[in-house]
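Following: one structure in structure tokens, then a few remarks.
The values are calculated or read from the model by the stated rules, or taken from the named source; none is laboratory data. Because the structure is predicted, anything quoted here is derived from the model rather than measured. Every residue, glycine among them, receives a Cβ derived from its backbone with ideal geometry; neighbour counts consider all protein chains shown. We work out accessible area using only protein heavy atoms, side chains counted, and drop any ligands, DNA or RNA first. Shrake-Rupley method; radii C 1.70, N 1.55, O 1.52, S 1.80 Å.
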Amino acid sequence: MSTINPSISDGVRFRNSRRGRDALVGAGVLLAHLGLFVLFGRMGDATAPSPDATPIDVALVRPPQPPVLPPPVQPAPTSGGGAPAAPSVVHVPPQAEAPPELPAPRTPAPEPALTVGVSDQSSVDPGLGQGGEGEGTGVGTGSGDGPGAGATGPRFVRGPSNAELARLHPAQARGGLFGGRASGEGIIHCLIRLDRQLEQCSIVSETPPGRGFGVAALQAAGFFRFDPPTRGGRAQAGEGVTLTVSFR
């Protein structure tokens, strides 16, 4: 009577059961693949395009590109803080207008009155005296006897000296506590004679009035000498002259 080892029989049973399970698994996998093939076949028939279907054109359009903007201008860095300085303003002064040119007078201005006497301003320099005679000759257009002959006006020759004027100082302007003399002047008008002396003198005014300076100026007229005016080279008598005699 043979004896079977229990361990060997258990191993045989285990291998047989494992082979059965592997066979069942393989059959299940095969059935699953067949089912998938049948399913895909039906789906392919259902989604097959119809020969009468209109084809769809698909066009790819590139989206518009946004405009490229320049980078913002950054302000230049300034040193220090605070608000930026205001722009400089240059003020141009207006151009000064040139004064209008004055037209020359049609007639010459009258000669100023001759003033003879002591100056009212003291000076350390010696005086120039009454002056001397000139040597000039006059020219002009007048009733001359020949070509080139003209007319000349009266010419001052001499006047009273300071000593002569001191003797003629009016008595009304003398005196006072210290025996001083008041200053004044007299204005007279005279005619020139052919011998250079004056005649027909009259008082025009005196300053200050009522102190005798007008009469003293008439007395001083005898010391004046004038060359008479000429017309056509000939001396003319009766030319008037106005004199201011000052007493200081």
The condition from (1) of a type outside the set (Phe, Trp, Tyr); (2) over 60 Å from the mean Cα position of the chain (by Cα); (3) under 17 Å from residue 224 (Cβ atoms) that residue 162 misses is numbered (2)
Any residue that is out of contact with any Asp or Glu (no Cβ under 7 Å at 6 or more places or on another chain), surrounded by 14 or more Cβ atoms within 10 Å (Cβ to Cβ), assigned to a strand (DSSP E or B) and touching a residue at least 12 places away in the same chain (Cβ under 8 Å) - is there at least one of those in the range 162-176? no
Across the range 194-248, the tally of residues that are open to solvent by less than 60 Å² (accessible area, probe 1.4 Å), within 13 Å of residue 170 (Cβ to Cβ) and assigned to a strand (DSSP E or B) stands at 4
Pairs under 7 Å by beta carbon, first residue at positive phi in the range 192-218, partner crowded, with 19+ Cβ neighbours inside 10 Å, six or more apart or different chains? 196/226; 200/190; 212/170
For the structure I just gave you, tell me whether residue 223 is among the aromatic types (Phe, Trp, Tyr) and without any contact (Cβ under 8 Å) to a residue 60 or more places away in the chain. no
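Residues are listed down the side, and each one gets a yes or a no for (1) open to solvent by less than 100 Å² (accessible area, probe 1.4 Å); (2) at pLDDT 75 or above:
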| site | (1), (2) |
| --- | --- |
| 30 | no, yes |
| 35 | yes, yes |
| 45 | no, no |
| 48 | yes, no |
| 57 | no, no |
| 62 | no, yes |
| 66 | yes, yes |
| 74 | no, no |
| 99 | no, yes |
